[in-house]
1. Examine segment B:221-230 for a residue that is surrounded by 20 or more Cβ atoms within 10 Å (Cβ to Cβ) and over 30 Å from residue A:69 (Cβ atoms), and state whether such a residue exists.
2. From A:93, A:82, A:145, grab the single residue that is crowded, with 16+ Cβ neighbours inside 10 Å and free of Cβ contacts under 8 Å to residues at least 12 places away in the same chain.
3. Which of the following residues is farther than 25 Å from residue A:153 by Cα, in contact with a helix residue (DSSP H, G or I) (Cβ under 8 Å, 6 or more places away or on another chain) and more than 11 Å from every other protein chain (Cβ to nearest Cβ): A:52, A:117?
4. Show me the helices (runs of 4 or more DSSP H) entirely contained within segment B:159-258 in which 1 or more residues are within 14 Å of the chain's Cα centre (by Cα) and either within 14 Å of chain A (Cβ to nearest Cβ) or under 18 Å from residue B:149 (Cα atoms) (or both).
5. In segment B:238-282, which residues are surrounded by fewer than 17 Cβ atoms within 10 Å (Cβ to Cβ), in contact with a helix residue (DSSP H, G or I) (Cβ under 7 Å, 6 or more places away or on another chain) and modelled with pLDDT under 90?
6. Restricting to helices (runs of 4 or more DSSP H) lying wholly in segment B:1-78: which have 2 or more residues that are out of contact with any helix residue (DSSP H, G or I) (no Cβ under 8 Å at 6 or more places or on another chain) and modelled with pLDDT of 80 or more?
7. Go through segment A:67-83 and report how many residues are assigned to a helix (DSSP H, G or I) and more than 7 Å from every other protein chain (Cβ to nearest Cβ).
8. Within segment A:158-217, which strands (runs of 3 or more DSSP E) (wholly inside it) include 2 or more residues that are at pLDDT below 80, surrounded by fewer than 16 Cβ atoms within 10 Å (Cβ to Cβ) and touching a strand residue (DSSP E or B) at 6+ places or on another chain (Cβ under 9 Å)?
């Protein structure tokens, strides 16, 4: 359905992505892992059509309508909430090409867990609630490919479980292919069939079980014990930077006992 | 009081004042329609830059001809200089923030305008009228132009408002759904430029920004829905603009300055009332 051939991206002279190739078919779940600055969001923006690659090609199958069949959920803090817009109004103006009934809107909001906020103003919602509204929009779109950039950011444990359940349903009932970027390595590996590890260059794994401790250490440039620090993204940003530049964290009180993370690669 | 009422009657007795009154209503209405969008799209500074850079066009026009009465020359020269500012606003530089280059450009064009005017013109008061606005400058031409700009704004902003809201609230989502954001942005700058150039005689180069911002600022602080936002913005503009015009005429004051003070005063009064009502409720 989606085919990337030798995609590279440079920002000025700085290479961000180099020669990335992979295919995504219907019902695929692809997780993209890697440290900050590794090019994950850039790659997703290229697929969404927000950025043009410096070189390489991106193809969709002939039956695929990019305007209708692709849905992209950016990070929630990128919404401009100066206007007093209700959640239902936001969904309506976002999907003007679809004639939505109030039942459809209620159903999507219910699935994403924000039905009780349907008459609230977007500016009054928390980051996590806005993220759920964007998920509701994607449910209403019934896309063939769904792109999610750090969707668990701002969600609590229950919210993450709810999200993964929705994604699973989309995959199974509507054959949606899902591409997900997230810092929750454990969740990504558990949920996805395929894994792409990105740190400018890439490692591709057709089966997420093939992802080994060594590969993750190589991609994140840090020891496995500290990978847990990457989970939570911005929250642990300081630790993340710290990890990339110094492998000796024995004095770091936040260092996590590796024994606790044995489940990481078990499905 | 009687004199004040008589001064209101003037607007219906004298043709030129009636033109000015209707043109003011139309311009206020136009500003009110785009004001919430200017604020939400964070275009306030580019608005200030465009309005200030009209000075260069005005200076050139006033130096070459008696452009005060030559609408076409005035309009064309001002449009050229302001469009230059708009294009500069959307051109990207890698290392420096966009607002810095705008700041440099518009103050430099103002300075150049003042130099050109000082060297070329013999009627020094003309420019002052354009800096702070003068209702006596408005004529029948301005009325028709104001009507045209209002209809243009109504058709291109209010009718497709849902699209404008979407590209403003979720630009990334809109771009991913293949909206051409740059075209929207360019069009909006062009529209702002047209409104500013048309309103310069009434509100003045330096003060037009008040007319463009206060209705939307008021509305966005008090409204609880999109519909309310635009209704409040329009009501605010339609109450304050004629009031400012009447006071300017009565006290023989520059219309732009009077209008700006009236709008700012009403804005402050509304916030004071809001504050007091909250205190009473607590």
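1. yes
2. Within the list A:93, A:82, A:145, the selection yields A:93.
3. One residue alone meets the criteria, A:52.
4. B:181-203, B:208-222, B:226-251
5. Once the filter is applied, which keeps residues that are surrounded by fewer than 17 Cβ atoms within 10 Å (Cβ to Cβ), in contact with a helix residue (DSSP H, G or I) (Cβ under 7 Å, 6 or more places away or on another chain) and modelled with pLDDT under 90, segment B:238-282 yields only B:250.
6. Hits in segment B:1-78: B:2-13.
7. In the first step, residues of segment A:67-83 are kept if they are assigned to a helix (DSSP H, G or I); the result is A:67-69, A:76-78.
So of that shortlist, the ones also more than 7 Å from every other protein chain (Cβ to nearest Cβ) come out as A:68-69, A:76-77.
Within segment A:67-83, residues that are assigned to a helix (DSSP H, G or I) and more than 7 Å from every other protein chain (Cβ to nearest Cβ) number 4.
8. Strands (runs of 3 or more DSSP E) meeting the threshold: A:201-205.
The values are calculated or read from the model by the stated rules, or taken from the named source; none is laboratory data. Keep in mind that this is a model prediction, so the values were computed, not measured. Glycine gets a Cβ as well: all are built from the backbone with ideal geometry, and neighbour counts include every protein chain shown.
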